[in-house]
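The values are calculated or read from the model by the stated rules, or taken from the named source; none is laboratory data. As the structure is a computational prediction, the values presented were derived from the model and not from experiment. As a convention, Cβ positions derive from the backbone with ideal geometry for all residues, glycine included, and neighbour counts pool all protein chains shown.
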Amino acid sequence: MSEHPPHEDRDGAAAPRSRLTIDVLTSVLGLVGTRAIGFVGGVFLARLLAPSDRGVFALAALASLGVGTAATGGAEYWVARETARGIAQSRVARMTGRRVVVASLAILASALLVAATNAVRVDHRALAAAAAWAIANVVSMLLLAQLGGRRELRRVAIAQILSSLAFATALLGLLILGRSDVWMVLSAASMSAVLLGMISYRPYSLSIARPEVMDLGNARAIGTPAMLGEVAGLFAGRASLLLIAALLS
């Protein structure tokens with residue numbers, strides 16, 4: 001009696017394990033590369049900006065990430081899940097496009113409110129750059145979720161590394177030119193996020209057609225709890241850094 005079927009089963013089981021190993025290594029290498037380049041960029045940033053401007057940049061970074069994450073409503077988790085399940089790409093593209101539009105409008109409304117009320121004393125160019133950064137973060141976040149759902153982790157890692165490298169290079173250029181305007185730094189950050197989205201984009205990734213009602217309810221049920229947890233963790237982490245800085249000052 002032939003023993004080939006068990007051997008084929010073992011080979012079939014080895015293939016997913018090999019793919020999983022490659023995926024894990026790719027993710028780790030991408031994370032290490034991004035963090036290493038980010039550290040270099042942080043050094044450039046510290047040499048470029050005065051302490052008060054670094055505070056403005058930190059506030060803009062927190063606002064762009066926090067508002068952008070809240071504005072998506074956690075849709076990126078639904079996008080990654082449905083993409084991984086093999087749901088029709090047209091449904092995912094419609095949800096992605098809708099969330100980009102809604103989040104962009106929410107971010108622009110927030111920026112206009114801040115400018116109109118003068119709630120934060122910041123240059124309007126810096127405010128505009130921060131709003132652009134938040135919108136670019138939303139787009140890249142949703143597009144990366146699609147890549148993650150398709151397990152294109154190599155492309156995710158490359159996109160993140162190139163985006164970090166572009167930001168660090170821009171900071172180095174500003175340092176060489178002696179330009180320490182915070183709005184220029186925020187503009188560089190927004191352009192790096194745009195690059196991240198461009199690398200992550202696929203022709204079928206976005207659609208402005210309205211998604212089905214079922215898609216909207218399902219996305220809210222999956223994404224909202226995750227979004228609330230992420231935003232709470234983000235602000236808690238920043239608050240702890242501020243407290244540590246206050247205690248050590």
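Side notes on the structure shown:
- Those residues of segment 166-186 which are over 12 Å from Gly42 (Cα atoms), within 19 Å of the chain's Cα centre (by Cα) and touching a residue at least 60 places away in the same chain (Cβ under 8 Å), in sequence order: Leu186
- Selection of segment 95-111 for residues being in contact with a Pro (Cβ under 8 Å, 6 or more places away or on another chain) and either modelled with pLDDT of 80 or more or surrounded by fewer than 20 Cβ atoms within 10 Å (Cβ to Cβ) (or both) yields only Arg98.
- Residue count, segment 150-162 (criterion: under 21 Å from Val92 (Cα atoms) and either surrounded by 21 or more Cβ atoms within 10 Å (Cβ to Cβ) or within 12 Å of the chain's Cα centre (by Cα) (or both)): 2
- Qualifying residue in segment 132-147 (condition: crowded, with 24+ Cβ neighbours inside 10 Å, aromatic (Phe, Trp, Tyr) and either touching a helix residue (DSSP H, G or I) at 6+ places or on another chain (Cβ under 6 Å) or over 30 Å from Ser18 (Cβ atoms) (or both)): yes
- Residue match in segment 166-176 (condition: more than 24 Å from Val32 (Cα to Cα) and assigned to a loop (DSSP other than H, G, I, E, B)): no
- Any hit, segment 175-188, residues being at pLDDT below 85 and touching an Asp or Glu at 6+ places or on another chain (Cβ under 8 Å): yes
- Filter result (charged (D, E, K, R) and either assigned to a helix (DSSP H, G or I) or at pLDDT 90 or above (or both)) within segment 123-165: Arg125, Arg154, Arg155
- Any hit, segment 69-88, residues being in a helix (DSSP H, G or I), aliphatic (A, V, I, L, M), closer than 23 Å to Val156 by Cα and over 18 Å from the mean Cα position of the chain (by Cα): yes
- Candidate set from segment 1-53 (those that are at pLDDT 80 or above and of a type in the set (Lys, Arg)); member that is farthest from Arg121 (Cα to Cα): Arg35
- Among the numbered conditions (1) in contact (Cβ under 8 Å) with a residue 12 or more places away in the chain; (2) in a loop (DSSP other than H, G, I, E, B); (3) over 28 Å from Ile37 (Cβ atoms), the only one that Arg94 does not meet is (2).
- Of the criteria (1) crowded, with 19+ Cβ neighbours inside 10 Å; (2) touching a residue at least 60 places away in the same chain (Cβ under 8 Å), which one Ala70 fails: (1)
- Residue list for segment 109-122, restricted to those being farther than 17 Å from Trp183 by Cα, in contact with a helix residue (DSSP H, G or I) (Cβ under 9 Å, 6 or more places away or on another chain) and assigned to a helix (DSSP H, G or I): Ser110
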